[in-house]
1. Going by the conditions given, is Gly93 small (Gly, Ala, Ser) and part of a helix (DSSP H, G or I)?
2. If you go through the range 73-90, how many residues are open to solvent by 10 Å² or more (accessible area, probe 1.4 Å), over 13 Å from Ile234 (Cα atoms) and not in a loop (DSSP other than H, G, I, E, B)?
3. For the range 274-290, name all the residues that are part of a helix (DSSP H, G or I), open to solvent by 80 Å² or more (accessible area, probe 1.4 Å) and more than 23 Å from Asp85 (Cβ to Cβ).
4. Just one of the numbered conditions (1) open to solvent by less than 50 Å² (accessible area, probe 1.4 Å); (2) among the aliphatic types (A, V, I, L, M); (3) in a loop (DSSP other than H, G, I, E, B) is not true of Leu268; which one?
5. Just checking, how many residues over the range 86-115 are charged (D, E, K, R) and touching a residue at least 60 places away in the same chain (Cβ under 8 Å)?
6. Just one of the numbered conditions (1) under 18 Å from the mean Cα position of the chain (by Cα); (2) surrounded by 15 or more Cβ atoms within 10 Å (Cβ to Cβ); (3) among the charged types (D, E, K, R) is not true of Lys9; which one?
7. Kindly indicate whether any position in the range 133-149 is part of a loop (DSSP other than H, G, I, E, B) and open to solvent by 60 Å² or more (accessible area, probe 1.4 Å).
8. Give me the residue from the range 165-203 that is at pLDDT below 95 and of a type in the set (Asp, Glu) and, out of that set, most open to solvent (accessible area, probe 1.4 Å).
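The values are calculated or read from the model by the stated rules, or taken from the named source; none is laboratory data. Here the structure is a predicted model, which is why all the values come from computation and not from measurement. As a convention, Cβ positions derive from the backbone with ideal geometry for all residues, glycine included, and neighbour counts pool all protein chains shown. Protein only, heavy atoms only, side chains kept; ligands, DNA and RNA dropped before computing areas. Shrake-Rupley method; radii C 1.70, N 1.55, O 1.52, S 1.80 Å.
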Amino acid sequence: MEELYQNYKNAILQSGNPKADEIVLSNMTAVLDRVFLDIEDPFVFSPYHKAMREPFDYYMFGQNYIRPLVDFRNSYVGNISVFKDIEEKLQQGHNIFLISNHQTEADPAVIALLLETTNSYLSENMTYIAGDRVVTDPLCKPFSMGRNLICVYSKKHMNDVPELTEMKRKANTRSLKEMALLLRGGSQIVWIAPSGGRDRPDPVTGEWYPAPFDASSLDNLRRLAEHSAAPGHIYPLALLCHNIMPPPLQVEKEIGEKRMISFHGTGLSVAPEITFSDISASCQNPEEARETYTQALYKIVTEQYNVLKSAIHCKQGLKASTPNVSLSQPWN
């Protein structure tokens, strides 16, 4: 906790915010308070967790904590008009699936912050497919309590403790049933990272890139979308925010990783809907269709990611826009 406090304090001071001291004091007090409360009386997440907004608003708690870490002057949203289209489809009772890369523990807050001025409905109503670490790590839990979550065990950690593998599989089946139930009602927006974990830099070049997608995870989701009574739409989403809170370089089994924190520009971009039938039309068999669809989504996420990288890391700003990715700063 001391380390988190120091790192958070340094990041906020580095932002040049005139109210830095005040922000650090109030946000870190809130975090310490909530973590301590949970250690005294641990909260247990159900397979489908609805964001807790009262008596304590855990959603705003998470937003307020991450907001001062986002350098909005160097942050960008790609294809804001597609987010508008998504919102309209939700209002018509359709289900939306955002197929995304995953960068940090702060991803849900970054997504919500970048959309709050134009699409606050999406910010507040998104459901995240979340790994078990964010619902068991004492430091993550208060932030997770403020999000709508479908809790699953990641494939990466499925066999960490062999005697728990069967329990984890059963829990995942329960979560899938909860999700199917949710989708039946329509008007759901679900974020999923089919890589099963956070992106990591290339060990040789140090360059960050979206981790490859798992075809079977994507196929399960697509089937859920197709078998739901409400129409479902799949959109590729790219997220760039690893500087704010990068993960450890290697995947760790133990809970309680070191949190590095910094003030930095972030980016979010969505591409138009990608339908399975369009992509798989020329495929010979289901296996090929599954693989082709996964690669098509991954390619579009990576293309968008590279545009965000040019804008933020290469300092090209709005000029980094391409015919497929129109960048803007909707909060300006």
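1. Answer is no for this residue.
2. Residues flagged as open to solvent by 10 Å² or more (accessible area, probe 1.4 Å), over 13 Å from Ile234 (Cα atoms) and not in a loop (DSSP other than H, G, I, E, B) within the range 73-90 amount to 8.
3. Passing the criteria: Pro286, Glu287.
4. Leu268 satisfies all of (1) open to solvent by less than 50 Å² (accessible area, probe 1.4 Å); (2) among the aliphatic types (A, V, I, L, M); (3) in a loop (DSSP other than H, G, I, E, B) except (3).
5. Total satisfying the criteria: 3.
6. (1)
7. Yes, there is a match, as at least one residue in the range 133-149 is part of a loop (DSSP other than H, G, I, E, B) and open to solvent by 60 Å² or more (accessible area, probe 1.4 Å).
8. Within the range 165-203, the match that is most open to solvent (accessible area, probe 1.4 Å) is Glu166.
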